[in-house]
Structure formats: C-alpha cells, structure tokens
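So the structure is just underneath, and the comments pick up after that.
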Amino acid sequence: MDGDATGPLPEEEFMRALYREHAGALLGFVLNLVGGDRYLAEDVVQETLLRAWKSAGRLDPAARSLRPWLVTVARRIVIDGHRSRQSRPPEAPPAALDQLPAEDELDRSLRLMTISDALGDLTEAHRQVLIETYFAGRTVTEAADELGVPAGTVRSRVFYALRALRNALEERGVTTS
C-alpha cells in the first residue's frame, strides 16, 4: 500500500527491504531446522517477518544487519512449535479410526436371547414387574397403577424377580459382577 504522493510509508518500505534482504537466507536456515519441510519452513519465515513487522518500531533499520535477530526469532518459533507438538498427544490418523471394532451385533443378539430365555423362567408376576420397571422405564408407583397392585408389592416383586433372574442367567453361564 502506498502512502500519499511522496511514496510508500517508511514502515512499509522497511518491511519490503527486510524481506528482499533476508527472506531467502532465512528460509534456507529454517529448512534445515525443520528437516526439509518446506511448508512448515515457509510458515516459520512468515511468522518471523510478521514479528519483525510488529516490532518495527523497536528495530533499528540503520543497524548493520538484522539477520541475527531474525534467525533467533525463527529458531525460537521452531523450538516452540516442537515443544507444543510434544506436549499434546499425537492425533490419530483417520485410517486408525476405521480399525476400531464396532459393537458386534451377534453378541448383542445372543445377550438379548439369553435374557429373554431367562425371563421365561420367571413367574408371570415377577416377569411383569421387571418389564414394567426396567424395560418400560416406569417408576414403582406407575408400575403399581399399571398392574393394579400396591407399590410395596411392586418393590417386593422387583427384589425377588431380580434375584431369580440373576440365578437363571447364572444357570445359562452368564456371570454377574
């Protein structure tokens, strides 16, 4: 961006000169630091020059060379990036997520068949209270209203029904822990 009719702003001209004089050498230096990763090196050079622009008021354009300052800043950016990557766990590549096992539908079906079979061993009254409270999700009071029995009876039946269901499942080889 040009200033008024007299030409570019002094800060802008300083940045252009800084880029012309140091960007190539800085890129070569940073490429060595990042193991040849050109994209990362370009990002580091860009960040270095951005910091130089932010610090333009403090930098002395009449200094013999600003390259030592630029190299130090670039080196610190690379070190900070390395430390940042080391401090957080590496991200899993998408291919690794494809290999995660999904819940096996056969296992789920077998569990449901076993539970259904074990429920068949219960008395009708015990099966009804378990269906109303666990499978239908009703409260004891709601189940009592639905079954037409007192709430205390529902609580008692649920207790004994769960004990009988546990025994029926253990007979089928299902262990409870």
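The values are calculated or read from the model by the stated rules, or taken from the named source; none is laboratory data. Computed from a prediction, not measured in an experiment: that's the story for all the values here. In case anyone asks, the SASA skips ligands and DNA or RNA and just uses the protein heavy atoms, side chains included. Shrake-Rupley method; radii C 1.70, N 1.55, O 1.52, S 1.80 Å.
What the table below lists for this structure:
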quantity	calculated
With DNA, RNA and ligands ignored, accessible area of SER87 (1.4 Å probe; Å², nearest 10)	100
J(HN,Hα) series, segment 121-128, from Karplus relation 6.51 cos²θ - 1.76 cosθ + 1.60, nearest Hz, glycine and proline x	7, 7, 5, 4, 5, 5, 4, 4
Heavy atoms of VAL73 accessible to a 1.4 Å probe, total area in Å² rounded to 10	20
Estimated vicinal HN-Hα couplings, Hz - segment 68-78 in sequence order (Karplus 6.51, -1.76, 1.60; Gly, Pro = x)	x, 5, 5, 5, 5, 5, 4, 4, 5, 5, 5
